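Presented below is the structure to which this report refers.
The numbers here are math on the coordinates, done by the rules we state, and not lab data. None of these values were measured; they are calculated from a predicted model. Cβ placement follows ideal geometry from the backbone for every residue including glycine, while neighbour counts extend to all protein chains displayed.
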Amino acid sequence: ASCLLQLVYPYDFRLTEKEKTSICYLSFPDSYSGGLGDTQFSFRLRQSGGQRSTHYEDDGEYNREAPLTLQRESAHYFGYVFFRQVKDSSMKRGYFQKSLVLVSRLPYVNLFQSLLQLIAPEYFDKLEPCLEAVCNEIDQWPPPVPGQTLNLPVMGVVIQVRIPSRVDKPGSSPVKQCNQENLLPAPMVLPSIHELDLFRCFQPVLIHIQMLWELMLLGEPIVVMAPSPTVSSEMVLALTSCLAPLRYCCDYRPYFTIHDSEFKEYTTRTQAPPNIVLGVTNPFFIKTLQHWPHILRIGELKMSGDLPKQVKVKKLAKLKTLDTKPGIYTSYKTFLHKDKTLIKRLLKGIQRKRPSEVQSALLRRHLLELTQSFIIPLEHYIASLMPLQRAITPWKNPPQIRPFRQEDFMKTLEHAGPQLTCVLKGDWLGLYRRFFRSPNFDGWYRQRHKEMTQKLEALHLEAICEANIVAWMKDKSEVEIVDLVLKLREKLVRARCQHLPVKEETLQRVGLYIETIIGSLPEDLQAVLHHH
């Protein structure tokens, strides 16, 4: 099948040839499905050809305030697809296929898919002029600021959505929006910019949620084989979201085709499969990926009044290349014992005909509590590695953060382990040991270490502010004083560049200090330092 990239808008958006080819293949279902009509799905694409500047020069500010799970990606694009297939006797195949794709670095799946539902039907009718008009409207949208509720006008509709912020309490329900009275027409309010209907996505695997949570926590390689890109992309995105607020630091492809430039890299048998969750629909993958350790095969999702048919865990050897039955093909043994309370609650919800979003909220809360039980002991331990405040003195470099020692951490678990907040029994120690080898631990540790280093810098600057500089200078040589000026300047520059968590007045006082010190030196030195 040849795909044609008919139009890229805005025209100045530059894609490499490799990216264009990948986007073309990722924008269409790669296994024939007889279902005519409209479908929507998403993909994620590795950027090729080096860094490119974005329209928003200050990614830093957004990324500092957004939750870790919603950061703007620097090396990947997300693609959001609206695909239409309709009968058309003038075409050689008897039907025509078109896709409208929105490419972004932001993982706002609900916002962008809702936007496509408005734009795509119009676009297929009116083509380019429609896109031009829509892009002009989108150009006027304010940039996403974490914590703010935005009203986004497009095609006579106003989409209202709140951008989550890092300071939101995990698991709290979105803030009820109150600025609607003056908006006409009444806005289309999206309850969340990115959260999927987890209950619907996880339907066939509800009894295995805990196993899947462990596999995601450990960054295990997983293949999701689904009947359509819609089912595959929703399942992959649901899986990657189930560790929140912990960031899933491995790679993931909500929808992946055999034409992808990474196809060889992922299907090679000469090395272990990479840490990635791969969503596929082409049956050919069953053959090429059968050496992967965990394969989740699911059928079409049908919402029914009862608990949907749950897939079974099966041995990998049972994986038939031709007619693969739904199931989780793995030899993985969970570290934690099964928890029946979640399923009981969900079943009660089904009997009482609770809406899907209520069931999803239950599921999300269960996953959040599981993640928090696991991560809180780690947070406590890493906080204990921070030097004491009294060890931070103005005229010495701040002390180092102590190294993370896995065995020391393990010792803390006896009296402050997950058992305090979680009823689940099982081999928590084994789970931590495996977690230490995963990219998710590495990502979490680097992030925390960076935040602590910045906190130390900030505390040091505050200590300098409290100090009596004049007294310190009394018995110091010019060389020492000049050295101090240069060091303080460097600190000030770093504090501004890295946006350290320091009060503005502290920075201004350090600036004044520098001026005072320079003012006390001989004039020739003053000139040199001012010139610096």
For segment 440-532, which trypsin sites (Lys or Arg not before Pro) are both in a DSSP coil and crowded by at most 15 other Cβ atoms within 10 Å?
-> LYS474, LYS476, LYS503
Extension gain (nm, one decimal) between ASN63 and ALA527, 0.36 nm per residue minus Cα-Cα = 163.0 nm
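Can you list which of the GluC sites (Glu not before Pro) found in segment 252-321 are DSSP loop residues with at most 15 other C-beta atoms within 10 Å? Don't skip to the answer; put the middle values down first.
Numbers: sites: GLU262, GLU265, GLU300; in loops: GLU262, GLU300.
Passing both the DSSP loop test and the Cβ count: GLU300.
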Please compute the Cα-Cα pair-distance distribution of segment 326-412 with 5 Å bins starting at 0, giving whole percents from short to long.
-> 3, 10, 12, 12, 13, 12, 9, 8, 7, 6, 4, 3, 1, 0
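Mean separation of Cα pairs under 8 Å and 6+ residues apart, divided by the residue count of the chain: what relative contact order is that in percent?
Once divided by the residue count of the chain, the mean separation gives 12 percent.
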Geometric extent, Cα atoms of the chain - Rg, Dmax (angstrom) | 27.3, 94
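For segment 208-265, compute Rg over Rh where Rg is the Cα radius of gyration and Rh is the Kirkwood radius from the inverse mean 1/r over Cα pairs. Walk me through the numbers before you get to the answer.
On the way: Rg = 11.9 Å, Rh = 12.3 Å.
Looking at segment 208-265, the ratio lands at 0.97.
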Taking the dipole of the chain about the Cα centre (Lys, Arg +1; Asp, Glu -1; charges at Cβ), the one of GLN454, LEU111, ILE295 that reaches farthest to the positive side is ILE295
Once every Cα of segment 198-448 carries one equal point scatterer and solvent is ignored, give the base-10 log of I(q)/I(0) from the Debye formula at q = 0.15 Å⁻¹, two decimals.
-> -1.09
So, with points 7 Å from each Cα along the Cβ direction, the LYS338-LYS287 label distance in nm works out to 3.6
Pop a pseudo-label 7 angstrom from the Cα along the beta-carbon direction at both MET473 and LEU388 and give the gap in nm to one decimal.
-> 3.3
Once normalised by the length of segment 17-144, the mean sequence separation of its alpha carbon contacts under 8 Å that are 6 or more apart gives a contact order in percent of 23
Taking a label point 7 Å from the Cα of GLU73 along Cα-to-Cβ, the residues of segment 194-212 whose backbone nitrogen sits under 17 Å from it are 194-196
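FRET efficiency for ARG352 and VAL189, Cβ-Cβ distance as r, R0 = 25 Å, nearest 0.05?
Calculated transfer efficiency: 0.45.
Let me spell out the model: positive unit charges on the Cβ of Lys and Arg, negative unit charges on the Cβ of Asp and Glu, origin at the Cα centre of segment 198-448. What dipole size does that give, in debye rounded to 20? It would help to have the intermediate numbers written out before the result.
On the way: 37 positive and 19 negative charges, 139 e Å.
Around 660 debye, computed over segment 198-448.
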Here the gain from full extension of VAL423 to ARG509, 0.36 nm per residue of separation minus their alpha-carbon distance, amounts to 25.9 nm
As a percent rounded to 5, the proportion of antiparallel DSSP bridges among beta bridges in the chain is 65
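Among the trypsin sites (Lys or Arg not before Pro) within segment 59-116, which fall in a DSSP loop and have no more than 11 other Cβ atoms within 10 Å of their own Cβ? List each step's numbers first, then the result.
Working: sites: ARG64, ARG72, ARG84, LYS87, LYS92, ARG93, LYS98, ARG105; in loops: ARG72, LYS92, ARG93, ARG105.
In loop regions of segment 59-116 (DSSP not H, G, I, E or B), the sparsely surrounded trypsin sites (Lys or Arg not before Pro) are LYS92, ARG93.
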Fraction of the pair-distance distribution of segment 259-333 above 18 Å, Cα-Cα pairs, percent = 46
When we measure straight from the Cα of LYS309, which lysines land under 29 angstrom away, once same-chain ones fewer than 8 places off are left out?
-> LYS287, LYS318, LYS320, LYS325, LYS333, LYS338, LYS340, LYS344, LYS348, LYS353, LYS425
Compute the projected area of the convex hull of the Cα atoms of segment 17-144, averaged over all viewing directions, and report it in nm² to one decimal place.
-> 9.4
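Using only helices, what value at 222 nm comes out for the chain when you add -39,500 (n - 2.57) per DSSP H run of length 4 or more and divide by the total residues, to the nearest 500 deg cm²/dmol? Walk me through the intermediate numbers first.
Working: 18 runs with 220 residues, N = 532.
Calculated at 222 nm, the ellipticity per residue is -13000 deg cm²/dmol.
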Please tell me the relative contact order of segment 198-448 in percent, rounded to the nearest whole number, where contacts are Cα pairs under 8 Å and at least six residues apart.
-> 24
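Give me Rg/Rg_expected for segment 468-531, where Rg uses Cα atoms only and Rg_expected = 2.2 N^0.38 Å with N residues.
Working: Rg = 12.3 Å, N = 64, 2.2 N^0.38 = 10.7 Å.
So the Cα radius of gyration is 1.16 times the expected 2.2 N^0.38 Å.
Based on the mean of other beta carbon atoms within 10 Å per residue, what is the order of 518-530, 16-28, 271-283, 120-132, most packed first?
Output ranking for 518-530, 16-28, 271-283, 120-132: 271-283, 16-28, 120-132, 518-530.
Where a ≥ b ≥ c are the square roots of the eigenvalues of the C-alpha gyration tensor, would you call segment 361-409 rounded, which needs a/c under 1.5, or, failing that, prolate if a/b is larger than b/c, or oblate?
On the way: a/c = 5.25, a/b = 2.61, b/c = 2.01.
Here segment 361-409 falls in the prolate category.
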